[in-house]
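Each reported figure results from applying straightforward, stated rules to the coordinates on display, with no laboratory input. A quick note: this is a predicted structure, and the numbers were derived from the prediction, not measured. Note that we place each Cβ from the backbone using ideal geometry, even for glycine, and neighbour counts take in every protein chain shown.
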Amino acid sequence: MTQSDGPGAGRLLARPRPVAAAMLSAAPWPLPPGLHPFGMGGARDGRLRVPASRIEAPLPLIVMLHGAGGTAERGLRRIASIADAALVVLPESLGTTWDVLEGGYGPDVARIDAALARVFAAWPVDPARLAIAGFSDGASYALSLALMNGGLFSHALAFSPGFAAPLRFEGRPRLFISHGIADEILPIERCSRRLVPRLQRAGYRSHYREFPGGHEVPEVVAAEALAFLMAG
């Protein structure tokens, strides 16, 4: 692996495995419904959330990234109203926020890649409904990783992002971006209202949703993001 292919370049190498159609309906799920640790070691292990009710395979998958100082559980609460519609991967940053904000891409990219490799090896995942999502710093990181890994992610769902910092561009993932007009943490004028037009001018297919609220993910916005993902 060269430097341009590795975590320091923001590149994710894990890919979903082909799944024979005959196996999809009959195969038991590897884990029961609920929240499960990845078992990768360390205090910031991350979680995998299995839907409460069985949904048609191959499964939609959402990688949900928490905000600064957050945890897997806090990230999940942001999208709790839609979590039963997909398999949800919940990584945790090794630092107080994601690596791009703490010295550059690398450690967190490697952990996310390892988590995805485990999930892809065990679960039938739909590559056409494979989203990376996030809130606040997690939204900025999700957008950045999506723009660099469009060969993996079909969609990005960014709730109140502050920026995007890709080192390169790959593919054309579809982008859902939302922001509260009264956001005092990441003001909309300095963030999404500057970022979204740049992405649209660059040719990315996107849906932009402003809402009358602050630094949050209203249930109606989460539902719109899910509909955007499910539309394929």
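Given the Cα-Cα distance of R54 and D5 and 0.36 nm per residue of separation, how much length would full extension add, in nm?
Length gained, R54 through D5: 14.0 nm.
Say each of E219 and R193 gets a label point 7 Å from the Cα, pointing the same way as Cα to Cβ; how far apart are those two points in nm?
3.0 nm
For region 126-232, state which trypsin sites (Lys or Arg not before Pro) are in a DSSP loop and have at most 13 other beta carbons lying within 10 Å of their beta carbon.
R168, R190, R205
For the Cα atoms of the chain, what angle does the longest principal axis make with the long axis of helix 192-201, in degrees from 0 to 90, nearest 10?
70 degrees
In region 65-134, what GluC sites (Glu not before Pro) fall in a loop by DSSP, with at most 16 other Cβ atoms inside 10 Å?
E102
How much length is gained if the chain between A122 and R15 is pulled fully straight, taking 0.36 nm per residue apart and subtracting their Cα-Cα distance, in nm to one decimal? Walk me through the numbers before you get to the answer.
On the way: separation 107, 0.36 × 107 = 38.52 nm, distance 1.19 nm.
So the extension gain works out to 37.3 nm.
Could you pull the Cα extents of region 84-144 along its three principal axes, largest to smallest, in whole Å?
35, 21, 18
Over what distance in Å are the Cα centres of region 103-131 and region 191-232 separated?
Answer, in whole Å: 22.
In what sequence, highest mean first, do 131-141, 151-161, 175-185, 31-41 appear when ranked by Cβ atoms within 10 angstrom?
131-141, 151-161, 175-185, 31-41
For a quick check of your reading of the filter: which trypsin sites (Lys or Arg not before Pro) in region 23-128 sit in a DSSP loop and have no more than 13 other Cβ atoms within 10 Å?
When the trypsin sites (Lys or Arg not before Pro) of region 23-128 are filtered for loop state and at most 13 Cβ neighbours within 10 Å, R54 remain.
Need one number: % antiparallel among DSSP beta bridges in the chain, to the nearest 5.
20 percent
Using 0.36 nm per residue of separation minus the Cα-Cα distance, give me the extension gain between M230 and I181 in nm, one decimal. Can you show the working numbers first?
Values: separation 49, 0.36 × 49 = 17.64 nm, distance 2.61 nm.
Value of the extension gain: 15.0 nm.
Which residues' amide hydrogens lie under 5 Å from the amide hydrogen of I188, considering only partners 5 or more residues apart or on another chain, with H built in the peptide plane?
Close amide H contacts, sequence-distant or interchain: D183.
If you take the Cα Rg of the chain and divide it by 2.2 N^0.38 Å, with N the number of residues, what do you get?
Taking the Cα Rg and dividing by 2.2 N^0.38 Å, one obtains 0.94.
Take D84 and H207, extend 7 Å from each Cα along the Cα→Cβ direction, and tell me the distance between the two endpoints in nm.
2.1 nm
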